[in-house]
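Some notes on the structure that comes next.
Only the coordinates and a few stated rules stand behind these numbers; no lab work does. If you're wondering where the values come from, they're calculated on a predicted model, not measured in any experiment. Cβ placement follows ideal geometry from the backbone for every residue including glycine, while neighbour counts extend to all protein chains displayed.
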Amino acid sequence: WEQECCDEEAKRDPASEDTTPGRRGRGGKEFRGARGGARGAGQRAAGSRRREDGLFEPLMLPIRHIAVDNMCYPSLCRENLVKNQSLFTPRHDDVIVTTYPRSGTTWTLEITRHIHLTHLPFLPPQHPLTTQDHKISAPWINNHNNMANRDLDSDPSPRVMKSHNHYCHLNLFPSDTRTKVIHVMRDPKDVLCSAYHHTLQVGHLFDYKGTFAEFVQHFLAGKVESGSYWDFNLQYLQNANKHNILYLTYEKLNSDKLRYIR
């Protein structure tokens, strides 16, 4: 599996081992910062500092991060937003899209937004769902930038929200059975490749210095943005009876969009 991922990455990005700043990836898009380029210079994210051995505290990971209850979160998150059980008051018509990062989150949010717009065509123009800006229409509720000066309880219904929280930080009580949760999973090989490119593209957030082959090992060991892919999704699957959760896979949704949208 590891070799297959490396072979696939070589096809997608022949320059994956190139350490030249400003190299170009798929589509000719230039990404800098992860390998010493200019992107993100002077804009270091909050979080841990790199040790002499190249790892970041507190979890000794190859990427910048924060730790909440000994679990890895991106440096854009804040512990008070992750653990705050009163961050918002759940409503019966809320939809929360939960995913391990790079599993089809934005796609699912946009589908959900359009379903609402189709069935509720008379939403006022100032309603958050009427904008394509997901920071407004479907805020990442644990992201400091999304939640600055945002009071979710003041938002009108229906609300759509995004979360990359581990299940234990879902911020829902078992009694919140009417709140809808859509949990999307994706083939880990595709998650891995997407996560690698994402880590490079936002280099100032993660400050990753390694190669793709090294990233594969970090992914397998759960030393990436949201920890172990397998543990993350297993927690949601094991608690299926506690909440109103719809489980989807990226692959099934992509193969028969109309069926799963219905």
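Numbers at a glance
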| item | result |
| --- | --- |
| Fully extended contour minus Cα-Cα distance, from Tyr247 to Ile261, at 0.36 nm per residue | 3.8 nm |
| Packing-based ranking, highest mean first, of 242-254, 188-200 given that Cβ atoms within 10 Å are counted | 188-200, 242-254 |
| Inter-probe distance in nm under a simple model that places probes 7 Å from Cα toward Cβ, at Glu79 and Phe173 | 2.5 |
| Ranked by how many other beta carbons lie within 10 Å on average, peptides 110-122, 201-213 from highest | 201-213, 110-122 |
| Residues Asn254 and Thr130, FRET efficiency given R0 of 30 Å [Cβ-Cβ distance, rounded to 0.05] | 0.70 |
| Check: segment 144-229 dipole with +1 on Lys, Arg Cβ and -1 on Asp, Glu Cβ, in debye | 140 |
| Within straight-line cross-link reach of Lys83, lysines at Cα separation under 28 Å, skipping those fewer than 8 residues along the same chain | Lys135, Lys162, Lys180, Lys223, Lys242 |
